[in-house]
Amino acid sequence: MQYWDDMQSTWGFSDGAREPEGTDCYRAVYVQTMNTLLGATQSSIRVVAWNRPGLHNRCMIVHVCAEWFATLDPKDAGTGYAQVPVEAQALGPRDDAYNEAIFQAFSLDVDDYVIMDPHIDYEGLDASLAEAVVPEPPADKE
């Protein structure tokens with residue numbers, strides 16, 4: 001979970017200035033992984049994606065109480081809520097079950113399940129190169 005720590009902080013991803021490609025996908029995988037493990041360990045905490053408004057890091061994961069999480073559709077938890085009520089947030093210390101779940105999550109290499117699909121835009125590349133390369137006029141034959 002290479003981006004987990006960045007998603008925990010307002011100042012993550014260099015204050016939001018260096019957010020790598022695919023962060024929403026990584027965040028969805030982390031949220032699903034953690035909530036599955038948190039449920040299995042019977043933690044009182046769950047996590048949800050939060051699209052933080054304004055400046056700074058927008059791609060966050062927030063800890064919430066399991067009771068509040070139970071009112072949500074778990075499939076939506078990783079998509080990014082516009083707001084998460086303060087009273088729903090689990091702001092205190094993490095329980096032992098949470099610590100067990102996070103340890104398990106880091107050992108699963110779940111980043112491997114986010115597939116980036118880089119490709120080459122040959123049409124755009126060719127157009128750019130055609131503009132950049134101006135042919136020299138033919139030399140006069142004498």
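The values are calculated or read from the model by the stated rules, or taken from the named source; none is laboratory data. Since the model is a prediction, treat every value here as computed from it, not as a measurement. All Cβ positions, even for glycine, are placed from backbone atoms using ideal geometry, and neighbour counts span all protein chains on display.
For segment 101-121, which residues satisfy the criterion of being in a helix (DSSP H, G or I) and either hydrophobic (A, V, I, L, M, F, W, C) or touching a residue at least 60 places away in the same chain (Cβ under 8 Å) (or both)? So that I can check it myself, show each step before the final result.
Of the residues in segment 101-121, the ones in a helix (DSSP H, G or I) are 101-107, 110-113.
If the condition is that a residue be in a helix (DSSP H, G or I) and either hydrophobic (A, V, I, L, M, F, W, C) or touching a residue at least 60 places away in the same chain (Cβ under 8 Å) (or both), then 101, 102, 103, 104, 105, 106, 110, 111, 113 are the ones that fit.
Has segment 32-52 got any residue that is touching a residue at least 12 places away in the same chain (Cβ under 8 Å), within 22 Å of residue 2 (Cα to Cα) and hydroxyl-bearing (Ser, Thr, Tyr)?
Checked segment 32-52: at least one residue is touching a residue at least 12 places away in the same chain (Cβ under 8 Å), within 22 Å of residue 2 (Cα to Cα) and hydroxyl-bearing (Ser, Thr, Tyr).
Test residue 124 against the criterion of being in a loop (DSSP other than H, G, I, E, B) and modelled with pLDDT of 80 or more, and give yes or no. Reasoning before the result, please.
Values: in a loop (DSSP other than H, G, I, E, B): no; modelled with pLDDT of 80 or more: yes.
Taking the combined requirement at face value, the residue does not satisfy it.
Answer with yes or no whether residue 66 is surrounded by fewer than 10 Cβ atoms within 10 Å (Cβ to Cβ) and either farther than 17 Å from residue 6 by Cα or in contact with a Pro (Cβ under 6 Å, 6 or more places away or on another chain) (or both).
Criteria not met by residue 66.
What is the residue count in segment 69-94 for residues that are modelled with pLDDT of 85 or more, β-branched (Val, Ile, Thr) and either surrounded by 14 or more Cβ atoms within 10 Å (Cβ to Cβ) or under 22 Å from residue 22 (Cβ atoms) (or both)?
Adding up the residues that qualify gives 0.
Residue by residue through segment 58-92, note down the ones that are of a type in the set (Ser, Thr, Tyr) and in a loop (DSSP other than H, G, I, E, B).
Scanning segment 58-92 gives 71, 79.
If a residue must be of a type in the set (Asp, Glu) and either surrounded by 10 or more Cβ atoms within 10 Å (Cβ to Cβ) or over 28 Å from residue 21 (Cα atoms) (or both), how many such residues does segment 95-123 contain? Let's see the steps before the verdict.
Here is the first cut: in segment 95-123, the ones of a type in the set (Asp, Glu) are 95-96, 100, 109, 111-112, 117, 121, 123.
Okay, now just the ones that are also either surrounded by 10 or more Cβ atoms within 10 Å (Cβ to Cβ) or over 28 Å from residue 21 (Cα atoms) (or both), so 95-96, 100, 109, 111.
The qualifying residues number 5.
Would you point out the residue of segment 24-47, among those that are buried (at least 19 other Cβ atoms within 10 Å of the Cβ) and polar (S, T, N, Q), that is farthest from the chain's Cα centre (by Cα)?
43
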